[in-house]
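Notes follow the structure.
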Amino acid sequence: MKFFRHIFALLLLCVAIPAQAGHEQAAGGERPDIKEFLLEHLQDSYEWHLLTWRGHPVAVSLPVIIVGRGGVELFSSSHLTEGEEYRGYRIAADGDHKGKIVRAHDGSRPFDISITRNVLALMINAALMMWLFFALRRWYRRREMQPPKGILGATEVVVKMIEEDVIVKCVGHDYRRFSPYLLTVFFFILINNLMGLIPIFPGGANTTGNIAVTFTLATCTFLMINLFGSRHYWREIFWPDVPLLLKAPAPIIPVIEFVGVFTKPFALMIRLFANIMGGHAIAISMVMLIFVVHTTMNIVGSSSMTALFVIMGIFMSFIEILVAFIQAYVFTMLSAVFIGLSRE
Amino acid sequence: MSLLTPDIGLLFWMAVIFAIVLGALGKWAFPFITSSLRRRNERIEESLRHAEEVDRRLEALAVESEEVMRAARRDQSQILYEANRAAEEIVREAREKAAAEGARELEDARAQIRAEKERVIKEIRSEVAALSVTVAEKILRSELDKGMDRPFVERMIAEAEASEKERPV
């Protein structure tokens, strides 16, 4: 029961913190710019906005790193707040590169490898993941035959489940070669998904809902599928077992198969990105609705609607926890299936 | 559309971070963890099998001991029965022997008694004969003295001889 109370408190926090942020905006008198607020959260940024205190944003400025012809430039993003220009760079207020650092004179993008919010979140999540699994490894090194308790025990159960139910069944006989990769992918996605659901500092970044992150993961799976593909796999693509007319004069099926080589990881990329991004969007929208209603309805109606949206927000948070796991599972399972197919 | 265009900087860092995570965990953590899990699984399976084996062996042992017990019990009753019989035999033999001995001794005693009796009878008879001879002598002497006739004496002697012959010895 205590456990559920903790979860409930956490979920309430999930709703309450963005609510507070929205309230600060609404307090300004004008209607909150929902789209702006939503995109601001879903996209990357050069600072980590923690909260707004008495109308002033409290944010951690992150380092900007730009690799140019003159070498590496490193400075704090606090120099660039509110459209200021610094060392010939500014954050674009509109245009194609809206919200990104551009050269002040012509608005083009430099090679920008700043430690943004998502990068920092990825680093924190990666550190968390490394800590978790090295702790588990240390446990096994010390007392192999004793099952661990607590978070390590929970991790062990999930590792076992993924290994036995997904990797062994989908990859087949030489699963041991691919199991480290697939387990890494699964837990990387899962930890990033779950951390994204926590609204306060180390969490809350929309990492797996960012196309660059899912693109990297999908590329790794693409490499795993194609670098270790068997002869049979390549034959199925370029000379499949279909009537000759479908492949001889005009290679219809081979072309389709060849496109399929790229669409499989592409689908993985889009699926994970869209699900997580959508989840974040819904969670924020639920909270934003409170303020939309607040500015348009009378106080009685708005308080009952507020209660409704809080309940719906909590409900969505539960669903997002489920989605966080399911998406990690689906990505891993499909990767395993594709690898298994290419190894036949 | 900026949501759908991957940012180069994030792509770069994601590749670096993921490579580090994959390299470290894929090399040191996950193979170790999965092989540990596998070993533990095998160990558990083996232990279960072993326990089953031990159980089965114990059961067999129980059956065997039961068998031994039953055999022992059977042997015991057999031995008891035989001992009983032997005891009975011994007693019977002893009794028989005793009876035979008794009979023999009785017989011996009887024979001795008979012999003694005969000897006594003989003795008595010879005594009686001597006595009667003495009596006869005395009578004869007196009779003769009185002048008894000769023919009477001779008849008397003849009669005595005759009766001596009739009597079984």
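Only one of (1) of a type in the set (A, V, I, L, M, F, W, C); (2) facing chain B (nearest Cβ under 9 Å); (3) more than 23 Å from B:P6 (Cβ to Cβ) is not met by A:I151, so which one is it?
(2)
Among the numbered conditions (1) within 23 Å of the chain's Cα centre (by Cα); (2) at the interface with another protein chain (Cβ under 9 Å from one of its Cβ atoms); (3) not β-branched (V, I, T), tell me where A:R141 comes up short.
(1)
Quick one: would you say A:L120 is closer than 28 Å to A:M195 by Cβ, surrounded by fewer than 20 Cβ atoms within 10 Å (Cβ to Cβ), at the interface with chain B (Cβ under 10 Å from one of its Cβ atoms) and modelled with pLDDT of 90 or more?
yes
Any residue that is outside any helix (DSSP H, G or I), in contact (Cβ under 8 Å) with a residue 12 or more places away in the chain and over 28 Å from A:L227 (Cα atoms) - is there at least one of those in region A:140-148? Spell out the reasoning first.
Step one: of region A:140-148, the residues outside any helix (DSSP H, G or I) are A:143-148.
Right, trim to in contact (Cβ under 8 Å) with a residue 12 or more places away in the chain and you get A:148.
When the remaining residues are screened for being over 28 Å from A:L227 (Cα atoms), the result is A:148.
Yes, region A:140-148 contains a residue that is outside any helix (DSSP H, G or I), in contact (Cβ under 8 Å) with a residue 12 or more places away in the chain and over 28 Å from A:L227 (Cα atoms).
Just wondering, is there one or more residues in region A:298-320 that are within 27 Å of A:T216 (Cβ to Cβ), surrounded by fewer than 19 Cβ atoms within 10 Å (Cβ to Cβ) and either in contact with a strand residue (DSSP E or B) (Cβ under 7 Å, 6 or more places away or on another chain) or not polar (S, T, N, Q) (or both)?
Yes, the conditions are met somewhere in region A:298-320.
Please give the strands (runs of 3 or more DSSP E) falling wholly within region A:42-112 in which 1 or more residues are within 14 Å of chain B (Cβ to nearest Cβ).
In region A:42-112, the matching strands (runs of 3 or more DSSP E) lie at A:63-68, A:71-76, A:89-91, A:101-103.
The values are calculated or read from the model by the stated rules, or taken from the named source; none is laboratory data. Just so we're clear, the structure is a prediction, and the values are computed from it rather than from any experiment. Here Cβ is always computed from backbone atoms with ideal geometry, including for glycine, and neighbour counts include all displayed protein chains.
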